[in-house]
């Protein structure tokens, strides 16, 4: 029985934490927002140099080929640090799509540059309101050209390439790679809840597209989303832990009625509940890490469970962290709102909590039928 | 990460399975809801004793115990493996948890060699059942507020008072008894611990009828009960220290909640209809199901994480409180929701008419107890907040004064 990260990953975590702490002390993220930056280019280059971007990308494609455990751990730490970088869009979504469904040429062209950080990618799936479903993909690809209206596209302002969902001539949805500086692509920045990670709207008009040959049919898109859901779950668990740590620290420092507010059961029990939700989410995410690392048939159930638990935990932690901080939690200067905003953004990014709850129940029912 | 046993663990698991296959029936799907009546009959007690003896003779009853007292001196991981495997078989409900996993480890930590030698084997081999005489009418969560008095009289102590919520007292042979020996001292300082023969003159056990109509805990009245000083556990005034050992062992002796659990409500939601469609298709039902599923497997995987810590030689800490805290409320919520899914018929408890032999209806009545017994939800949250998160204790009005001077009412 070994249901924990390997010793190597535990050691690596210390290095990741140290770097993130030095680079993003409390307040640095807000300064980036105030300066209108949603990414720190020097930090992004560093992530590439450290090998974090390509940690799960095979060596033959310019990565470190270390598997998914270290990637999950980095996702968790990035989530806790609220690091301003298009890490999840580029790695969990775009690089994963290329790895799963790209041909050799596509992989050779893009993956080494994504591992180094030279190229940032994202996924363009949504077309306005609604959760992921085949009928919602209205964008169309004909003769390697896509037309459609995609929004929100997270990190669409920074990305050089997007993996775009579009229906082919047979009406089946699939994925194709679009270079966003090409003719026929117009992008506008959208005001969004998350103050750091921004979203764009991509209007594609006969934009040149390179279909990913393995990604034909809705099942392929679900497979990509399942795997991404597990990686996002780690980012969410990290965020929930970050918000909990912040709330605990405030509860110890802040005095009222002559004693630390953390000595009042109304506060203690609230924090205990966040701890429990976060640990349950962490445990579900661990199972997800095991599933993707082994490409296990349990992945769809593991992914939905990890996502439901992580969205629950981060929502609770983000919301109650503000409550514990009282009036301070309402100010721009406190970091509370960053967690609160990110919790919502991440709860929606590959489909809403309601969508994943339903998917979990459906997957469990179909597992029982088999 | 992997879920496989080490070669040593695998070998032990095979040994456990061979023993269980030879001595018990593997659970079938229908057996999930078996054993749900919570009152112990004399036949069940006898069956529990026989099963305990069988396990002890095979070396599986005291996996963590020293060999000289009949144990195996095994690893915590072996203990966990045995529990994991035993759970898959139909075996009698154990009445030995309090003796083997709580009382005797405490006696081994604080008792004399004679005391250990007298009590260890009879407990391990199923001959003597133990109960825990802790809570009192005025001392529950605030355990150290207990008032049962022990007064020295030569080589004996004379005990007067009342204990309550004592599980299994009506068929126990011995009790772990905490008393107050000096009310002039501060609350935690004036306590002394004894092992008491439950058939001693002056002990009266009255089963309490619980809300489900059954009785599995009792009131215990102690009137001039004489206990030899040789049955004192630890020094005079050191009772709280002994109690803390016992409570720590209680947390390790995790017992799984009886449910109904996710699998049961999931089955029900697929078999009943709401507005002419299977309940499982209803959005509100799906939301609840998904959340219970992630709690259920989350607790399971959290236990696997703590087993991993055990396997790596670390001691699991108070984070083990999560399972009980989450499981108790979940059982109550699932019972209530399950009954509501049955619509107007949900209020019927007839096992012929209500689904799953009226398990959900029974659980509605016994599940509130799960949130109180063995540490209330509130105490567990305090434990997590103070010992895991490092938050300070509540300000107290009973510190630094004699026990006798602590306020007890608003009048």
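May I ask you to verify whether residue B:324 is outside the structural domain of residue B:82 (by TED's automatic domain parsing), over 23 Å from residue A:362 (Cβ atoms) and over 21 Å from the mean Cα position of the chain (by Cα)?
Values: outside the structural domain of residue B:82 (by TED's automatic domain parsing): yes; over 23 Å from residue A:362 (Cβ atoms): yes; over 21 Å from the mean Cα position of the chain (by Cα): no.
Here the answer is no, as residue B:324 does not meet what is asked.
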Among the residues of the range A:96-108, is any in a loop (DSSP other than H, G, I, E, B), outside the structural domain of residue A:209 (by TED's automatic domain parsing), surrounded by 24 or more Cβ atoms within 10 Å (Cβ to Cβ) and in contact with a strand residue (DSSP E or B) (Cβ under 9 Å, 6 or more places away or on another chain)?
-> yes
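For the range A:213-269, how many residues are on the phi > 0 side of the Ramachandran plot and out of contact with any helix residue (DSSP H, G or I) (no Cβ under 9 Å at 6 or more places or on another chain)? Let's see the steps before the verdict.
Pass one, the range A:213-269, residues on the phi > 0 side of the Ramachandran plot: A:217, A:257-258.
Imposing the further condition that a residue be out of contact with any helix residue (DSSP H, G or I) (no Cβ under 9 Å at 6 or more places or on another chain) reduces the set to A:257-258.
Selection size over the range A:213-269: 2.
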Of the conditions (1) under 23 Å from residue B:301 (Cα atoms); (2) more than 14 Å from chain B (Cβ to nearest Cβ); (3) surrounded by fewer than 20 Cβ atoms within 10 Å (Cβ to Cβ), residue A:193 clears all except one; give me its number.
-> (1)
Mind listing whichever residues of the range B:355-411 are touching a residue at least 12 places away in the same chain (Cβ under 8 Å) and over 30 Å from residue B:332 (Cβ atoms)?
-> B:398, B:399, B:400, B:401, B:402, B:403, B:404, B:406, B:408
Would you be able to say whether some residue in the range A:307-314 is closer than 30 Å to residue A:70 by Cβ, more than 11 Å from chain B (Cβ to nearest Cβ), buried (at least 24 other Cβ atoms within 10 Å of the Cβ) and in contact (Cβ under 8 Å) with a residue 60 or more places away in the chain?
-> yes
Residue list for the range A:341-370, filter: within 12 Å of another protein chain (Cβ to nearest Cβ), in contact with a helix residue (DSSP H, G or I) (Cβ under 8 Å, 6 or more places away or on another chain) and under 16 Å from residue A:221 (Cβ atoms) = A:356, A:359, A:363
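Scan the range B:18-31 and give yes if some residue there is within 23 Å of residue B:176 (Cα to Cα) and either modelled with pLDDT of 90 or more or touching a strand residue (DSSP E or B) at 6+ places or on another chain (Cβ under 8 Å) (or both), otherwise no.
Quick first cut of the range B:18-31, residues within 23 Å of residue B:176 (Cα to Cα) only: none.
No, the range B:18-31 contains no residue that is within 23 Å of residue B:176 (Cα to Cα) and either modelled with pLDDT of 90 or more or touching a strand residue (DSSP E or B) at 6+ places or on another chain (Cβ under 8 Å) (or both).
If you check residue A:333 against the conditions, is it away from chain B (no Cβ under 12 Å), over 18 Å from residue B:291 (Cα atoms) and either modelled with pLDDT of 95 or more or crowded, with 24+ Cβ neighbours inside 10 Å (or both)?
Values: away from chain B (no Cβ under 12 Å): yes; over 18 Å from residue B:291 (Cα atoms): yes; either modelled with pLDDT of 95 or more or crowded, with 24+ Cβ neighbours inside 10 Å (or both): no.
No.
Residue-wise test of (1) farther than 15 Å from residue A:286 by Cβ; (2) within 22 Å of the chain's Cα centre (by Cα).
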| residue | (1), (2) |
| --- | --- |
| B:262 | yes, yes |
| B:278 | yes, no |
| B:284 | yes, no |
| B:288 | yes, no |
| B:298 | no, yes |
| B:304 | no, yes |
| B:308 | no, no |
| B:318 | yes, yes |
Of those in the range B:72-86 that are in contact with a helix residue (DSSP H, G or I) (Cβ under 7 Å, 6 or more places away or on another chain) and under 19 Å from residue B:300 (Cβ atoms), the residue surrounded by the fewest Cβ atoms within 10 Å (Cβ to Cβ) is B:86
Checking residue B:144 against (1) crowded, with 17+ Cβ neighbours inside 10 Å; (2) without any contact (Cβ under 8 Å) to a residue 24 or more places away in the chain; (3) not assigned by TED's automatic domain parsing to the domain that holds residue B:28, which single condition isn't satisfied?
-> (2)
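Given the residues B:313, B:338, which is the only one that is more than 11 Å from chain A (Cβ to nearest Cβ), without any contact (Cβ under 8 Å) to a residue 12 or more places away in the chain and either part of a helix (DSSP H, G or I) or out of contact with any strand residue (DSSP E or B) (no Cβ under 6 Å at 6 or more places or on another chain) (or both)? Walk me through how you get there before you give the answer.
Numbers: B:338 fails: without any contact (Cβ under 8 Å) to a residue 12 or more places away in the chain.
Sole residue among the options that is more than 11 Å from chain A (Cβ to nearest Cβ), without any contact (Cβ under 8 Å) to a residue 12 or more places away in the chain and either part of a helix (DSSP H, G or I) or out of contact with any strand residue (DSSP E or B) (no Cβ under 6 Å at 6 or more places or on another chain) (or both): B:313.
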Would you pick out the residues in the range B:173-184 that are crowded, with 16+ Cβ neighbours inside 10 Å and part of a loop (DSSP other than H, G, I, E, B)?
-> B:173, B:181, B:182
State the number of residues belonging to the range A:1-19 that are more than 14 Å from chain B (Cβ to nearest Cβ) and either surrounded by fewer than 19 Cβ atoms within 10 Å (Cβ to Cβ) or part of a loop (DSSP other than H, G, I, E, B) (or both).
-> 7
All but one of (1) over 30 Å from residue A:174 (Cα atoms); (2) in contact with a strand residue (DSSP E or B) (Cβ under 8 Å, 6 or more places away or on another chain) hold for residue A:211; which doesn't?
-> (1)
The one condition residue B:203 fails out of (1) surrounded by 15 or more Cβ atoms within 10 Å (Cβ to Cβ); (2) in contact (Cβ under 8 Å) with a residue 24 or more places away in the chain is (2)
Does the range B:243-254 contain at least one residue that is surrounded by fewer than 20 Cβ atoms within 10 Å (Cβ to Cβ) and at pLDDT 95 or above?
-> no
Scope the range B:276-289; condition free of Cβ contacts under 8 Å to residues at least 24 places away in the same chain and more than 7 Å from every other protein chain (Cβ to nearest Cβ); matching residues = B:276, B:277, B:278, B:281, B:282, B:283, B:284
Residues (at pLDDT 85 or above and under 30 Å from residue B:12 (Cα atoms)) located in the range A:1-55 | A:3, A:4, A:5, A:6, A:7, A:8, A:9, A:10
Scope the range B:341-354; condition crowded, with 16+ Cβ neighbours inside 10 Å and either in a helix (DSSP H, G or I) or touching a residue at least 60 places away in the same chain (Cβ under 8 Å) (or both); matching residues = B:341, B:342, B:346
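Condition check ((1) closer than 30 Å to residue A:233 by Cα; (2) more than 14 Å from every other protein chain (Cβ to nearest Cβ); (3) in contact (Cβ under 8 Å) with a residue 60 or more places away in the chain; (4) outside any strand (DSSP E or B)) across all residues:
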position: B:210; (1), (2), (3), (4): no, yes, yes, yes
position: B:250; (1), (2), (3), (4): no, yes, yes, yes
position: B:260; (1), (2), (3), (4): yes, yes, yes, yes
position: B:265; (1), (2), (3), (4): yes, no, yes, yes
position: B:291; (1), (2), (3), (4): yes, no, no, yes
position: B:297; (1), (2), (3), (4): yes, no, no, yes
Looking at residue B:358, is it modelled with pLDDT under 95, within 29 Å of residue B:167 (Cα to Cα) and more than 12 Å from every other protein chain (Cβ to nearest Cβ)?
-> yes
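The values are calculated or read from the model by the stated rules, or taken from the named source; none is laboratory data. These numbers come from a predicted model, not from an experiment. Positions of Cβ are generated from backbone atoms using ideal geometry, with glycine treated the same way; all protein chains shown enter the neighbour counts.
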